[in-house]
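Peer 1: Please find one structure pasted underneath; my questions will follow.
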């Protein structure tokens, strides 16, 4: 069943300034692992269980997941997701010193023992291979596909360049290849459309990759934000059991995200919420 909801970021989020994340791994206790090998994705860690997916609809289109269905008995779980965006042509900006990563954010997630799903572009993984491997071998996290190029899969999409229809499948597969080359193991068969923009053509074009498209129901508003408290308030006001929150991790375009996380996580835990990965939310939605 397709949850046919097209959610878009604020204009600033989807503009030319894109986002990313990373960080050095710290040895500490972790939650249970989960990672796959599905479709074009890389090899899973040997001990990891296959990541759940939505059933493929009769139409053959890629299924779309936004959040777990509302239920009176739904567990109070929430998936915090972070988009690691870097376009295919932003190498020169990185070479000049622009930071598309945010090691401090990843370190904070580790210190607070917060499971998270990182939607990473293949180009980002190539730019920060050590960080991508560190994230992709840590049982606390899972890496999901955010395309290779971070070009739009439907137009218009806030000024992003557009991937040609016959190149969409290859763009998704190229990102999975990039993850495999850097040694990331905990890679799930989920895909987030750049800018959140998609249509039936895009859903049909990427169906052969075997992914489930993952959107969100809570927008954090962290991109280009300067007030961490406002970001935290927006997330806390929107979260419901089974929510998927979209955030970012970059020192240049989302500078207060790490600070906001230090408020969001304890507040959610005070409310009885448990932070989980997207695969955990989807597992509850497909088995509950």
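Peer 1: Determine whether segment 197-208 contains at least one residue that is under 22 Å from residue 87 (Cα atoms), crowded, with 22+ Cβ neighbours inside 10 Å, without any contact (Cβ under 8 Å) to a residue 60 or more places away in the chain and more than 16 Å from the chain's Cα centre (by Cα).
Peer 2: Yes, because at least one residue in segment 197-208 is under 22 Å from residue 87 (Cα atoms), crowded, with 22+ Cβ neighbours inside 10 Å, without any contact (Cβ under 8 Å) to a residue 60 or more places away in the chain and more than 16 Å from the chain's Cα centre (by Cα).
Residues are listed down the side, and each one gets a yes or a no for (1) in contact with a strand residue (DSSP E or B) (Cβ under 9 Å, 6 or more places away or on another chain); (2) part of a loop (DSSP other than H, G, I, E, B); (3) buried (at least 17 other Cβ atoms within 10 Å of the Cβ):
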residue	(1), (2), (3)
240	yes, yes, no
246	yes, no, yes
252	no, yes, yes
260	yes, no, yes
263	no, no, no
285	yes, no, yes
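Peer 1: Here are some residues: 156, 139. Which one is within 23 Å of residue 244 (Cα to Cα) and over 12 Å from the mean Cα position of the chain (by Cα)? If you could, list the steps in order and put the result at the bottom.
Peer 2: Working: 156 fails: within 23 Å of residue 244 (Cα to Cα).
The match here is 139.
Peer 1: Cβ-Cβ distance below 8 Å, separation of 6 or more or different chains: which pairs start in segment 43-68 with a residue that is more than 13 Å from residue 280 (Cβ to Cβ) and end on one that is loosely packed, with under 14 Cβ neighbours inside 10 Å and at pLDDT 95 or above?
Peer 2: 61/200
Peer 1: So, in segment 220-233, exactly how many residues are closer than 11 Å to residue 245 by Cβ and touching a strand residue (DSSP E or B) at 6+ places or on another chain (Cβ under 6 Å)?
Peer 2: Here the count works out to 2.
Peer 1: Hey, does segment 219-230 have a residue that's under 16 Å from the mean Cα position of the chain (by Cα) and either closer than 24 Å to residue 56 by Cα or not in a loop (DSSP other than H, G, I, E, B) (or both)? Working first, answer last.
Peer 2: First, the residues of segment 219-230 that are under 16 Å from the mean Cα position of the chain (by Cα): 219-223.
From what's left, either closer than 24 Å to residue 56 by Cα or not in a loop (DSSP other than H, G, I, E, B) (or both): 219.
Yes, some residue in segment 219-230 is under 16 Å from the mean Cα position of the chain (by Cα) and either closer than 24 Å to residue 56 by Cα or not in a loop (DSSP other than H, G, I, E, B) (or both).
The values are calculated or read from the model by the stated rules, or taken from the named source; none is laboratory data. This structure is a prediction, so every number in the text was calculated from the model and none was measured. Methodologically, a virtual Cβ is constructed for each residue, glycine included, from the backbone with ideal geometry; neighbour enumeration extends over all protein chains shown.
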